[in-house]
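Reviewing the structure listed below.
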Amino acid sequence: MSMVQESGCRPIQPNNARIEEHPCYSEGASHRYARMHLPVAPACNMQCRYCNRKFDCSNESRPGVVSGVLNPDQAVKRAWEARQRLPHLRVIGFAGPGDPLANRERVFATCKPLRSSFPDWHLCLSTNGLCLPESVNAILDHGIQHVTITLNALDPEVGAAIYSWIFWNKKRRRGVEAAHILLEQQLAGLSALIARGVLVKINSVLIPGVNDRQIPEINRLVSEAGVFSHNIMPLISAPEHGTYYGVMGIPGPNEAQLQQVRSQCGGAAKLMTHCRQCRADAVGLLEQDRQAELNRSPVEDSRVIPIHRPTRRDPVANPPSPVVLAVASQSGERVDTHFGHAAFFRIYRVTGAQIEHLGERFVPRYCQGDDQCEDKDHTLKAVLNLLNDCQGVICARIGFVPWQELLERGIEPVNSHADRPVLEALSHTARLLQDKHAIPTPKVAAAGMKGRG
Amino acid sequence: MALIITAECIACWACEPICPNAAIRVKNEVFRIDKKSCTRCEGYGDLPQCVEICPVEGAIIDDEGTAMNPPGSLTGIPPREPLPA
């Protein structure tokens, strides 16, 4: 394992605008100067177990969370707008929602115009470090003088418990191998940045029972390497975040656990204790995030890319007996969606009067307009395969070809409930199909079938 | 036999730049794999590159509807109980 090489680092001058105007590098600055995170980096090259890429919530403040991704032009416009309203804005940061260095073109394309328009602003980025060594020259060329590296483990065995996988050299790699590669990249990048005079901050996420004992070692190592500050952050973990630690019930540290670990860190790197674990689109002072207000301001001719997708999904295995029905309904209230426009189908099991919602099943969009027609057959086949265990598909409308294909597979297409309530359509269709497949059964009266059980 | 992107896709763009066949098309932020261009990276890597980098289980399927990254395979979170038969 390579340790940080001798960097010949210069001592950082304390009276330096780079520090005094950056809220993350100076607590004093955090009360005076605002920062803005520009969410231009959607892609990531690894999966940390405290992160869930599907999550988005405008009320949530934690790293990696954003409401939408901007392209570089939109980001520059947003920075101009923020400047009008926040005269004390000094720092532009790139912090996600993915890894900035997995999106180098987007990040650097945003830096260029900002640097020429606002030479007194500080540009900074935060990275997992996987692509750091090969990015050091470009980071300096684009005027980025502050880099934060998230370093959670020095022991690859511990790293293997924190990272699910990394994408490296054309492959997804896991376990100790992945953690080892990551660590080498982080340490090589760290040395190179310090040797070139960049202010480096290290973030470590304290995960009780996983890396408590690693953090003092990290503190020692990075202090010797010439890192400016070390930010030990508590793991944020709640089941509704959908992260591995959240879902598996591994809680974050309490205040005493956090203080205990911090007290074991006495290296030269300054301990940062005023971190607010901001979102990747945070704006304003650290203690007063104004992203919800400022990010809502219209960016001219922009289309903010929504990253939120519904996360609920049940694995669907074998066809359960009574009647399983798929419903194309965006709202969930009414049958409001065309078969070909459905991004997902709601799957229900109807047993007599009892209606059970089994979950949503996501499908490729089959009908996407003229230029996509060459792929229609191919995509339709995949959609049909995903609905194979259903006895019927209820939708607002459906084209002739999918109608025929469904019938051939023994799946009943039903479009007679367009704009009717989903529950009513389900009861009605289930009854219809039961009657159809049943060996002589007394006809059920047309009325009298009611809502959900 | 091209792969297919489902609506589980979160539009994170990770796959688009690494596809060796430039088969990933984006229109209005909907990601799609061009059937004619996709070779499933035959001769390029063990697995298709999009499958190797995609962070979302179930977002890429084959034309049988089988998830290339099935539930639990990327997050380590055990999948929910299968539905009772």
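Each residue in the stretch A:400-431 was checked for being assigned to a loop (DSSP other than H, G, I, E, B), touching a residue at least 24 places away in the same chain (Cβ under 8 Å) and closer than 13 Å to A:Leu387 by Cα, and 2 pass.
Going by the structure shown, is A:Asn59 out of contact with any Cys (no Cβ under 7 Å at 6 or more places or on another chain), away from chain B (no Cβ under 14 Å), within 17 Å of A:Gly242 (Cβ to Cβ) and at pLDDT below 90? Working first, answer last.
Details: out of contact with any Cys (no Cβ under 7 Å at 6 or more places or on another chain): yes; away from chain B (no Cβ under 14 Å): yes; within 17 Å of A:Gly242 (Cβ to Cβ): yes; at pLDDT below 90: yes.
Spelling it out, A:Asn59 is indeed out of contact with any Cys (no Cβ under 7 Å at 6 or more places or on another chain), away from chain B (no Cβ under 14 Å), within 17 Å of A:Gly242 (Cβ to Cβ) and at pLDDT below 90.
State whether one or more residues within the stretch A:131-139 are in contact with a Gly (Cβ under 9 Å, 6 or more places away or on another chain), over 25 Å from A:Lys170 (Cβ atoms) and open to solvent by 30 Å² or more (accessible area, probe 1.4 Å). No. In this structure, does A:Glu240 turn out to be of a type in the set (Asp, Glu) and touching a residue at least 12 places away in the same chain (Cβ under 8 Å)? The answer is no for A:Glu240. Taken residue by residue, the stretch A:272-286 has no member that is at pLDDT 85 or above and either in a loop (DSSP other than H, G, I, E, B) or more than 20 Å from the chain's Cα centre (by Cα) (or both).
Could you check, for the stretch A:172-189, whether at least one of its residues is in a strand (DSSP E or B), touching an Asp or Glu at 6+ places or on another chain (Cβ under 6 Å) and free of Cβ contacts under 8 Å to residues at least 12 places away in the same chain? Checking the stretch A:172-189: at least one residue is in a strand (DSSP E or B), touching an Asp or Glu at 6+ places or on another chain (Cβ under 6 Å) and free of Cβ contacts under 8 Å to residues at least 12 places away in the same chain. Considering only residues in the stretch A:372-411 that are of a type in the set (Asp, Glu) and open to solvent by less than 40 Å² (accessible area, probe 1.4 Å), the one that is modelled with the lowest pLDDT turns out to be A:Asp375.
For B:Pro20, indicate whether it is free of Cβ contacts under 8 Å to residues at least 24 places away in the same chain, at negative phi and either touching a helix residue (DSSP H, G or I) at 6+ places or on another chain (Cβ under 9 Å) or open to solvent by 60 Å² or more (accessible area, probe 1.4 Å) (or both).
Details: free of Cβ contacts under 8 Å to residues at least 24 places away in the same chain: no; at negative phi: yes; either touching a helix residue (DSSP H, G or I) at 6+ places or on another chain (Cβ under 9 Å) or open to solvent by 60 Å² or more (accessible area, probe 1.4 Å) (or both): yes.
It is false that B:Pro20 is free of Cβ contacts under 8 Å to residues at least 24 places away in the same chain, at negative phi and either touching a helix residue (DSSP H, G or I) at 6+ places or on another chain (Cβ under 9 Å) or open to solvent by 60 Å² or more (accessible area, probe 1.4 Å) (or both).
Take B:Pro48 and decide whether it is open to solvent by 20 Å² or more (accessible area, probe 1.4 Å) and under 23 Å from A:Asn103 (Cα atoms). Here the answer is no, as B:Pro48 does not meet what is asked. For the stretch B:14-30, residues that are facing chain A (nearest Cβ under 10 Å), assigned to a strand (DSSP E or B) and in contact with a strand residue (DSSP E or B) (Cβ under 7 Å, 6 or more places away or on another chain) total 1.
Restrict the check to the stretch A:163-174 and report whether at least one residue is out of contact with any Cys (no Cβ under 8 Å at 6 or more places or on another chain) and away from chain B (no Cβ under 14 Å). I'd like the intermediate steps shown before the answer.
Our first condition is that a residue be out of contact with any Cys (no Cβ under 8 Å at 6 or more places or on another chain); within the stretch A:163-174, this holds for A:165-174.
Retained after the next criterion (residues that are away from chain B (no Cβ under 14 Å)): none.
There is no residue in the stretch A:163-174 that is out of contact with any Cys (no Cβ under 8 Å at 6 or more places or on another chain) and away from chain B (no Cβ under 14 Å).
Taking the residues in the stretch B:55-85 that are open to solvent by 20 Å² or more (accessible area, probe 1.4 Å), of a type in the set (A, V, I, L, M, F, W, C) and in a loop (DSSP other than H, G, I, E, B) as candidates, determine which candidate is farthest from the other protein chains (Cβ to nearest Cβ). Restricting to residues being open to solvent by 20 Å² or more (accessible area, probe 1.4 Å), of a type in the set (A, V, I, L, M, F, W, C) and in a loop (DSSP other than H, G, I, E, B), the top hit is B:Met68.
The values are calculated or read from the model by the stated rules, or taken from the named source; none is laboratory data. Here the structure is a predicted model, which is why all the values come from computation and not from measurement. Please note: Cβ atoms are built from the backbone with ideal geometry, for glycine as well, and neighbour counts cover all protein chains shown. Accessible surface is based on the protein model in full, side chains and every heavy atom, while ligands, DNA and RNA are left aside. Shrake-Rupley method; radii C 1.70, N 1.55, O 1.52, S 1.80 Å.
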